[in-house]
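J.: The structure's right below; bear with me while I get my questions together.
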Amino acid sequence: MRRATLLVMALAVLQLTGCGAAPAAKPTSVDPVPGPSAEKVVAGWPSVDTAAVTCVVTYPDDLTESSVAFDGTVVGVQAGEPQPDAGGDRPVRLELRVNQRFKGAVGAAVVMKTWDFMLPGEDVTGVRVLAAAGESLDLMGCGFTRPYSPEEAAVWAEAFAAN
C-alpha cells in the first residue's frame, strides 16, 4: 500500500509541475548509439497494469500532455542507498539510449529517476521501452512507460505528430 501511495504521489507531482508545459515538437529520430542488436524482454516490465494503483493521469488520454516522450533502450541501472524516509526503498537512475524522440528536449541518452520497487527482480539492461514523463524525468507507471512494440510506437508517433 505504501508503494502504491508513493507512486500516486509522484504522479500527482508530475502532473502539477508542468506536464505538457513544453511546446509540441514533431517526432524525430536521433542518430542511433551503437548497442546490442537483440532487444531484451523482461516479462511484465514495464507494467501497464493499473489495477494496483490509482492513476492521477490516464493512458492514453493524457499521453500527449507529457513533457518528454521517446523510444529508448535501457543501457544502465544505478541503485542508490536505501532511504529511511521512503521505507528503506532505494532510488534508482536508469540510463536509456534514445532510439526515437516523440516530444521534448532529449538527446541521444536520457537519465530517468525511479525507485527499486518499480523494477522487476531481474536486470532491465537491454530492455526497449516507450517512455513519457514530466520535465523531472521520473519513470511513470499507469502505462506511460511501457514495453516497446513497433505497433505501439506508431500510435505514439501519430499521437504526438497531431499535437
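J.: Residue under question is Thr58, and the condition is that it be within 24 Å of Glu158 (Cβ to Cβ), among the polar types (S, T, N, Q) and at pLDDT below 90; does it hold?
T.: Yes: the conditions hold for Thr58.
J.: Related question: Mind listing just one residue for me: the one in the stretch 90-116 that is touching a Pro at 6+ places or on another chain (Cβ under 7 Å) and of a type in the set (D, E, K, R) and, of those, surrounded by the most Cβ atoms within 10 Å (Cβ to Cβ)?
T.: Residue satisfying both the conditions and the ranking: Arg101.
J.: Take Thr114 and tell me if it is touching a Leu at 6+ places or on another chain (Cβ under 6 Å) and either of a type outside the set (Phe, Trp, Tyr) or not in a strand (DSSP E or B) (or both).
T.: When the stated conditions are applied, Thr114 passes them.
J.: May I pose another question? Does Pro84 qualify as being surrounded by fewer than 21 Cβ atoms within 10 Å (Cβ to Cβ), more than 19 Å from Leu119 (Cβ to Cβ) and without any contact (Cβ under 8 Å) to a residue 40 or more places away in the chain?
T.: Answer is yes for this residue.
J.: Okay, next question. Tell me whether the stretch 117-127 contains one or more residues that are touching a residue at least 24 places away in the same chain (Cβ under 8 Å), surrounded by 21 or more Cβ atoms within 10 Å (Cβ to Cβ), over 16 Å from Trp45 (Cα atoms) and within 14 Å of the chain's Cα centre (by Cα).
T.: Checked against the condition, which is being touching a residue at least 24 places away in the same chain (Cβ under 8 Å), surrounded by 21 or more Cβ atoms within 10 Å (Cβ to Cβ), over 16 Å from Trp45 (Cα atoms) and within 14 Å of the chain's Cα centre (by Cα), the stretch 117-127 yields no hits at all.
J.: Take the residues of the stretch 79-108 that are part of a loop (DSSP other than H, G, I, E, B) and either within 14 Å of the chain's Cα centre (by Cα) or within 18 Å of Pro150 (Cβ to Cβ) (or both): which is modelled with the highest pLDDT? Give the steps one after another, and end with the answer.
T.: Our first condition is that a residue be part of a loop (DSSP other than H, G, I, E, B); within the stretch 79-108, this holds for 80-83, 87-90, 104-108.
With either within 14 Å of the chain's Cα centre (by Cα) or within 18 Å of Pro150 (Cβ to Cβ) (or both) added as a condition, the list becomes 104, 106.
Details: Gly104: 96, Val106: 93.
Only one residue tops the list, namely Gly104.
J.: Here is a list: Gly72, Gly20, Gly76. Which entry is in contact with a Ser or Thr (Cβ under 8 Å, 6 or more places away or on another chain) and either in a strand (DSSP E or B) or modelled with pLDDT of 95 or more (or both)?
T.: On the way: Gly72 fails: in contact with a Ser or Thr (Cβ under 8 Å, 6 or more places away or on another chain); Gly20 fails: either in a strand (DSSP E or B) or modelled with pLDDT of 95 or more (or both).
Only one candidate passes the filter, namely Gly76.
The values are calculated or read from the model by the stated rules, or taken from the named source; none is laboratory data. Note that this is a predicted model, so its numbers are computed, not measured. Heads up, the Cβs are rebuilt from the backbone with ideal geometry, glycines too, and the neighbour counts pull from every protein chain shown.
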